[in-house]
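Report on one structure; see the data block that follows.
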Amino acid sequence: MLKHTALTPDLGRLIEGLDVSEPLSDAVIAELRRLLHTHGLLLFRDQVLTDAQQARLAQYFGRFSRQGPVQKTSQDVTYVSNTRADGTFGKGELLFHSDQCYYPHPMKAIMLYGVEVASKGGHTLYTNTSRVLERLSPATVQTLQSCQVRHQFHYGDVDYGQGVDAKVEKITVSHTHPAIAHHPWSDQRIVMISQATATELTGLAQERSRELIDEVNRALADPAHLYEHHWRKNDLVIWDNLLLQHARPDFDPNERRTLRRCALAHELEPQAQA
């Protein structure tokens, strides 16, 4: 049996005694998938992984995403980095969000591996969108149950780094989702509103829409319910991109920070055209 312990009361499991650089059995893979979609995040410490080994591990959880201008031009393994020419999203603050919620089928999961870690700052924040519902008033939940939330993102608003930016088509993408949705891989209900990309709740007056979005965003970012992951070299983290939202505080740009990334597609994401 896998040895695992809780990271916080709200989310995450620390997996111990497992070398993920080696092929895993079907039974272990099934248990890791269950833990991921139940608890939202898995942390493996002190893993020494090549690009190929990380890619093999990622594919136990699904296929690679090819949705959107960044993923279409990316390899299976990419880098979140302020030191590499091919690094993306390497600096600055990132507000709470789920990746690609402005598409019909947001990513299933994201995997990051610590290559270079900042000595101070550069940590990643996680919040459980299912637990957020428990912190909202019954009246707010009742209103949200009948609302759709619109997400919008402009690919020209982000610095992708000098090695990637020219390849990214600067389009604007928008999509609506139920404000409260059913998590595809568990029995949990989740909030689909996010700080970074939610623009309106359809069917409500603009002022009321903004009030409710702000209320949810405060609950998402409540420090009492966050998991702050302070990166160590050779950490491996995979999280459920819909059950959890993630964010990053600003940090000193002189700190070297490189995380190796795999982005995994929702099963309903259209297959990329050859």
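A simple packing score, the average count of other Cβ atoms within 10 Å per residue, orders the peptides 63-69, 222-228 as 63-69, 222-228, with the highest score first.
Can you give me the orientation-averaged projected area of the convex hull built on the Cα atoms of the stretch 190-274, in nm²? Computing the convex hull of the Cα atoms and averaging its projections yields 9.3 nm². A simple spin-label model places the labels of Lys167 and Lys233 2.8 nm from each other, with each point 7 Å out along Cα-to-Cβ.
Report the semi-axes of the equivalent ellipsoid for the stretch 140-226 in whole Å, largest first, where each axis is √(5λ) for an eigenvalue λ of the Cα gyration tensor. Provide the component values of the computation, followed by the final result.
Values: eigenvalues 147, 52, 40 Å².
Result for the stretch 140-226: semi-axes of 27, 16, 14 Å.
In terms of packing, defined here as the mean over residues of other Cβ atoms within 10 angstrom, the peptides 146-158, 189-201 line up highest first as 189-201, 146-158. Helical content alone sets the calculated 222 nm signal of the chain at -6000 deg cm²/dmol, taking -39,500 (n - 2.57) per DSSP H segment of four or more residues and averaging over every residue. Annotation: lysines with alpha-carbon distance below 26 angstrom to Lys120 (same-chain offsets under eight excluded): Lys91, Lys233.
Note on Leu2 and Lys72: their simple-model spin labels are 3.5 nm apart, each label 7 Å out from Cα toward Cβ.
Put simply, the C-alpha atoms of the stretch 7-264 give a gyration tensor, and the ellipsoid matching it has half-axes of 29, 22, 17 Å, longest first. Write down the percent of antiparallel bridges among all DSSP beta bridges whose residues are both part of the chain, to the nearest 5. In the chain, DSSP labels about 90 percent of beta bridges as antiparallel.
Positive end of the dipole of the chain (Cβ unit charges, origin at the Cα centre): among Ala196, Ser21, Gln71, the Cα lying farthest that way belongs to Ser21.
What order, most packed first, do the peptides 17-27, 73-83, 257-267 have when packing is the mean number of other Cβ atoms within 10 Å of each residue? If you can, show how the numbers build up before the last one.
Values: 17-27: 12.1, 73-83: 19.4, 257-267: 21.3.
Answer by packing, highest mean first, reads 257-267, 73-83, 17-27.
Under the convention that each Lys and Arg Cβ holds +1 and each Asp and Glu Cβ holds -1, the size of the dipole of the stretch 130-274 around its Cα centre is about 260 debye. Calculated FRET efficiency, Glu16 to Arg208, Cβ-Cβ distance, R0 = 45 Å: about 0.40 to the nearest 0.05. Assuming charge only on the beta carbon of Lys and Arg (+1) and of Asp and Glu (-1), the dipole of the stretch 7-264 about its Cα centre is about 340 debye to the nearest 20. Consider a paramagnetic label point 7 Å from the Cα of Asn254 along Cα→Cβ; state which residues of the stretch 92-107 have an amide N under 18 Å from it. Residues passing the 18 Å test: 92.
Taking 18 Å as the cut-off, the amide N atoms of the stretch 105-125 that come nearer than this to a point 7 Å along the Cα-to-beta-carbon line of Asp46 belong to 114-115.
Every read-out reported here was derived from the displayed coordinates using simple, explicitly stated rules and does not represent laboratory data. Bear in mind the structure is a predicted one, so any value in this text is a computation, not a measurement. Please note: Cβ atoms are built from the backbone with ideal geometry, for glycine as well, and neighbour counts cover all protein chains shown.
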